[in-house]
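Below is one structure; the comments refer to it alone.
Here, each number is a calculation from the coordinates, and none is a lab measurement. Remember, it's a predicted structure, so these values are computed and weren't measured experimentally. All Cβ positions, glycine included, derive from the backbone under ideal geometry; neighbour counts span all protein chains shown.
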Amino acid sequence: MVLVIDVGNTETTIGIFESEKLSQRWSISTLIYRTADEWAVIIRTLFEMSNFSFSEIEGVVISSVVPTVDSYLSTAFIKHFSLTPFFVVPGIKTGINILYDNPSEVGADRVVDAVAVTNLYELPSLVIDFGTATTFDIIDAQKNYLGGVICPGLGISAEALFTRTAKLPKVQIVKPKKIIGKTTTSSIQSGLYYGYLSLVEGIVKRIRNEFGEFKTIIATGGMSLLIAKDLPYINYIDEDLTLKGLYIIYDKNRD
């Protein structure tokens with residue numbers, strides 16, 4: 001079994017692969033000052049709750065966009081589980097060419113998503129990851145990662161509206177029945193949902209104008225199920241794309 005961990009700004013997603021199949025998935029909050037001992041307790045508890053034995057884990061692979069967490073996680077595995085985790089960092093084997101001006105600037109999660117798409121879907125591909133930030137990543141038919149777009153995620157946009165206005169309430173992010181709101185709450189929900197939908201549509205249109213057509217457009221990330229269903233050009237919604245990419249990277253770097 002292989003343990004894969006994706007440390008995001010808001011959530012950390014943990015998965016177990018058995019014979020190339022994702023057999024278990026958990027999500028916990030990302031806390032930057034969670035100690036190594038706390039990480040060990042959480043991981044051990046998740047395993048016990050789901051009747052998994054950590055002794056069967058042959059390796060751990062981690063992608064992280066929160067550097068503060070990395071040392072705590074690494075210490076947790078070395079100290080409590082006698083395993084040295086493998087981190088997705090520049091220089092590892094990925095099977096793709098990163099054509100960023102400075103390849104080391106590309107976030108680990110974006111690299112992992114690109115690896116997953118290259119191995120699992122038709123190219124060229126556009127990956128839209130609806131996370132804390134929403135990212136758009138382009139991979140061409142020759143397995144070149146060309147770059148993309150980063151913009152604030154839907155959750156950040158909602159939080160900014162709530163914290164920077166005196167009278168507007170914090171609302172649940174849902175799809176309203178009509179675009180014209182009849183209450184302050186429904187008006188905010190309409191602006192957030194349909195405004196963000198239009199943002200994504202506009203960016204995708206401009207990317208297509210510059211790059212051309214894609215064989216595959218994939219949505220992933222925590223908000224993908226909410227937003228992507230109203231974007232007809234999206235071919236697939238794959239919530240586990242990053243976890244799958246982590247396993248593929250681990251497999252490429254077993255030596």
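Can you give the helix-only mean residue ellipticity at 222 nm for the chain, where every DSSP H stretch with n ≥ 4 adds -39500 (n - 2.57) and the sum goes over all residues, rounded to the nearest 500 deg cm²/dmol? Numbers along the way, then the final one.
Details: 7 runs with 96 residues, N = 255.
Per the formula, -12000 deg cm²/dmol.
Hey, quick one: spin label on ASN97, modelled 7 Å out along Cα-Cβ, who in the stretch 240-255 has an amide N within reach, i.e. under 17 Å? It comes to no residues whatsoever. Normalised by 2.2 N^0.38 Å, with N the number of residues, the alpha-carbon radius of gyration of the stretch 132-180 equals 1.70.
Peptide packing: for 37-43, 162-168, the average count of neighbouring Cβ atoms within 10 Å per residue gives the ranking 37-43, 162-168, highest mean first.
Close amide H pairs (under 5 Å, H built 1.01 Å from N) link ILE217 with LEU126, ASN235, TYR236, residues at least 5 positions away or on another chain. Counting charges near ILE98 (Lys, Arg +1; Asp, Glu -1) among other residues having Cβ under 14 Å from its Cβ returns a value of -3.
For the stretch 2-87, the orientation-averaged shadow of the C-alpha convex hull comes to 4.9 nm² (one quarter of the hull surface).
Over all directions, the projected convex hull of the C-alpha atoms in the stretch 97-240 averages 9.3 nm² in area. Each residue of the stretch 134-140 is assigned a 3J(HN,Hα), and the resulting list reads 9, 10, 10, 10, 10, 10, 8 Hz, derived from the Karplus form 6.51 cos²θ - 1.76 cosθ + 1.60 (θ = phi - 60°), x at Gly and Pro.
When the stretch 190-255 is described by a simple charge dipole with +1 on each Lys and Arg Cβ and -1 on each Asp and Glu Cβ, the residue from TYR233, GLY222, LEU243 located farthest towards its positive end is TYR233.
Let me know the charge dipole size of the chain about its Cα centre in debye, to the nearest 20, where only the beta-carbon of Lys, Arg (+1) and Asp, Glu (-1) is charged.
Values: 23 positive and 28 negative charges, 220 e Å.
Charge dipole, the chain, about its Cα centre: 1060 debye, nearest 20.
The amide H of GLY59, built 1.01 Å from its N in the peptide plane, has LEU3 as neighbours under 5 Å, considering only residues 5 or more places off or on other chains.
What share of the DSSP beta bridges in the stretch 1-118 is antiparallel, in percent to the nearest 5? Working shown, then result.
Details: 14 of 22 bridges.
Within the stretch 1-118, antiparallel bridges account for around 65 percent of the total.
Close amide-amide hydrogen proximity is noted between ASN9 and THR132, each under 5 Å apart and 5 or more residues distant or on a separate chain (H modeled in the peptide plane; Pro and chain starts excluded). For the stretch 210-255, the share of alpha carbon pairs falling in successive 5 Å distance bins from zero is 5, 19, 20, 18, 16, 12, 7, 3, 0 percent. Compared with the alpha-carbon gap, the fully stretched path from SER53 to LEU231 is longer by 60.0 nm at 0.36 nm per residue.
Geometric descriptor of the chain, per residue, is 146 Å³ (volume of the convex hull of the Cα atoms). Of interest is the spacing of the C-alpha centroids, which for the stretch 122-141 and the stretch 180-215 amounts to 16 Å.
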